[in-house]
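Some notes on the structure that comes next.
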Amino acid sequence: MGKIGLTLLGLLALLLGSGVWVGLGLIGAGIGTLALFKPMMPVEKLFAQQAWNSAVSMEMLALPLFILMAEILFRTRLSEALFTGLAPWTRRLPGRLSHITVLSSTLFAAVSGSSAATTATVGRISASELIGRGYDRNLIIGSLAGAGTLGFLIPPSVIMIIYGVLAEESILKLFMAGILPGGLLALSYMGYLGFRAVMNPALVGDTPPHTTLMEKLAALRGLGPVLLLILAVIGSMYGGIASPTEAASVGVAGAILVGAFQRTLSVKTLAEAAYHAAQTSAMIGLIIIGAMFLSVSLGYLGLPRYIAGEIQALGLSPFALIVVLLVFYVILGCLMEGMSSIVMTLPITLPLVLAAGYDKVWFGVFLVLVVEMAQITPPVGFNLIVIQRITGDRIGTIARAALPFFFIMAAFALVIAVFPGIVTWLPDTLSARN
């Protein structure tokens, strides 16, 4: 069995290291390993069946729709509306306007599903505006890096759809499971910003001008489109009115209306959004097909069962296993993009976690957290690259600024391991009502 594992790792390293697309690399590794160790198996029929089953899944239909929604919203003026709408309400908080980055990211995450889109949209206005007002550069860049990752945790989440397809778990349950942890993680970020500001007031700029209650309420009008879109997408799913796929369709229609209302939508921008959404969807779809095929191939070879048995023989407690997996995924996140690390390892790690007493929904949120950590770890942290394009700072400088938020995420991942009800309470309550 060790020979099979080494062969698989060698094929993956060879294919991915040569620059082959991740999806094709996964497919090639699966075909090559089966051809060597199961030569009598009709590999072409197995691949065709798995590719078809993955492509026609109903859950997969929601994926390109949510991506299209994010692409349309990215081309609107939502970032400006979020800043102006939230600024009057953060004036009296410890940390003042620094909280806008976290709050804007939280709100935009609830309508985008993409970490990169959240970081880019919020960052292009809030980062330059706050730094220009005298706020500490590292504090703002770090908070943008950390809060931008909320696009993966707060529904609708693209990465949760991918996990749900691979793990054969309800997308709606995963979406609901991400709400409470996402909100608590955002509050943790804000608590850290407030603490830093109290300990060193020089980190934040001057107190903004006083605003009356009527002026604060008037500023909220800019948040109206975002809040209505959140209500339409998340509310329709939570209320049982729409499935995730139907809610994604509502989201796309809502995003188009927001663009039309702000007069930022044209035939050209809509065509650009559709083109980029098609590109991203095709890339993710190929990775999912490759991951499903590799998962089935590993099952035929018996590798997941063998590795699970070896790890169980170590006698690790459930919490110790989670700590080991956390360290494993952090190291893996330094070497490859987060989504790729999930699809490559899920056939092995999911059975281990289930055997330890955790469920699929909980593990999905845990994996999203470790993918968020991978987004801000060099050298391949994608959020770091996005922020570099916005600010022009070096990757190393941005990574150091993001380090406190990396530790907050790591601590939060361990907290939900000790208290899994933080993740499972809302989806369990929803299921009980239905």
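The values are calculated or read from the model by the stated rules, or taken from the named source; none is laboratory data. All figures in this text were calculated on a predicted structure; none of them were measured in a lab. Note: ideal-geometry Cβ built from the backbone for every residue, glycine included; neighbour counts use all protein chains shown. Side chains are part of the model used for accessible areas, which takes the heavy atoms of the whole protein and leaves out ligands, DNA and RNA. Shrake-Rupley method; radii C 1.70, N 1.55, O 1.52, S 1.80 Å.
Tell me, rounded to the nearest percent, the portion of alpha carbon pairs in segment 80-179 spaced more than 23 Å apart.
Details: 1458 of 4950 pairs.
When every Cα pair of segment 80-179 is considered, 29 percent fall beyond 23 Å.
Using only Cα positions of segment 143-200, each an equal point scatterer, no hydration layer, compute I(q)/I(0) via Debye at q = 0.16, 0.19 Å⁻¹ and quote the log10 values to two decimals.
-0.55, -0.68
Hey, can you find the accessible area per residue of the chain for me, probe 1.4 Å, expressed in square angstrom?
Spelled out: the 1.4 Å probe surface of the chain, per residue, equals 42 Å².
Run lengths n ≥ 4 of DSSP H only: what is the helix-derived mean residue ellipticity at 222 nm for the chain, with -39500 (n - 2.57) per run over all residues, to the nearest 500?
-25000 deg cm²/dmol
Which whole number of Å³ per residue matches the convex hull of the alpha-carbon atoms in segment 275-422?
Each residue corresponds to 122 Å³ of Cα convex hull volume.
Can you tell me the length gained on complete extension of the stretch Thr7 to Glu246, counting 0.36 nm per residue apart and subtracting the Cα distance?
81.8 nm
How many nm separate the modelled label positions at Glu168 and Glu80, each set 7 Å beyond the Cα in the direction of the Cβ?
Calculated label separation equals 5.0 nm.
Extending each Cα 7 Å along its Cβ direction at Ile131 and Ala271, get the distance between those two points in nm, one decimal.
For the pair Ile131/Ala271, the computed spacing is 3.4 nm.
Take segment 57-125, compute every pairwise Cα distance, and split them into 10 Å bins from 0; I just need the percent in each bin.
Per 10 Å bin, starting at zero, the Cα-Cα P(r) for segment 57-125 comes out as 21, 46, 23, 9, 2 percent.
Show me the three semi-axes of the equivalent ellipsoid for segment 124-174, from the C-alpha gyration tensor (sqrt of 5 times each eigenvalue), largest first, rounded to whole Å.
Result for segment 124-174: semi-axes of 34, 8, 7 Å.
Give the long-range amide H neighbours of Tyr135: residues separated by 5 or more places, or on another chain, with amide H under 5 Å away, using H modelled in the peptide plane at 1.01 Å from N.
Counting only residues 5 or more places away or on other chains, the set is Gly205.
What do you get when you divide the Cα radius of gyration of segment 233-333 by 2.2 N^0.38 Å, with N the number of residues?
Taking the Cα Rg and dividing by 2.2 N^0.38 Å, one obtains 1.70.
By average Cβ neighbour count within 10 Å, what is the ranking of 74-83, 257-266, 136-145 from highest down?
Working: 74-83: 21.3, 257-266: 15.8, 136-145: 24.5.
Packing order, densest peptide first, comes out as 136-145, 74-83, 257-266.
Grab the other residues whose beta carbon is less than 10 angstrom from that of Ile125, score K and R as +1, D and E as -1, and report the net.
The answer is 0.
Can you tell me the Rg and Dmax of segment 172-287, counting just the alpha carbons, in angstroms?
That works out to 19.3, 53 Å for Rg and Dmax.
Give the whole-number value, in cubic angstrom per residue, of the convex hull volume spanned by the C-alpha atoms of segment 352-393.
Hull volume normalised by residue count: 67 Å³.
Over segment 168-227, what per residue volume does the convex hull of the Cα atoms give, in whole Å³? Kindly include the intermediate steps, with their values, before the conclusion.
Values: hull volume 8.5 nm³, N = 60.
Expressed per residue, the convex hull around the Cα atoms of segment 168-227 is 141 Å³.
I'd like the FRET efficiency for Leu314 and Ser18, computed as 1/(1 + (r/R0)^6) with the beta carbon distance as r and R0 of 30 Å, rounded to 0.05.
Working: r = 34 Å, r/R0 = 1.15.
The value I calculate is 0.30.
Full-extension gain between Gln262 and Val327, please, as 0.36 nm times their residue separation minus the C-alpha to C-alpha distance.
Length gained, Gln262 through Val327: 18.9 nm.
If you roll a 1.4 angstrom probe over the protein chains with everything in place, what fraction of the accessible area of the chain belongs to carbon and sulfur, to the nearest %? Write down the numbers at each step before the final one.
Values: 12410 of 18290 Å².
In the chain, the share of accessible area belonging to carbon and sulfur is 68 percent.
Apply 1/(1 + (r/R0)^6) to the Cβ-Cβ distance of Arg221 and Arg394, taking R0 = 60 Å, and write down the FRET efficiency to the nearest 0.05.
The value I calculate is 0.95.
Relative contact order for the chain using alpha-carbon pairs under 8 Å, separation at least 6, rounded to a whole percent?
In percent, rounded to a whole number, it is 24.
Can you give the percent of C-alpha pairs in segment 1-133 whose distance is more than 17 Å?
Looking at segment 1-133, the distances longer than 17 Å represent 71 percent of pairs.
Along the Cα→Cβ direction, 7 angstrom out, place labels at Ala355 and Met283. What is the inter-label distance in nm?
Here the answer is 3.5 nm between the modelled labels.
If you project the alpha carbons of the chain onto the principal axes, what extent comes out on each, in Å, largest first?
Principal extents (Cα only, largest first): 76, 48, 47 Å.
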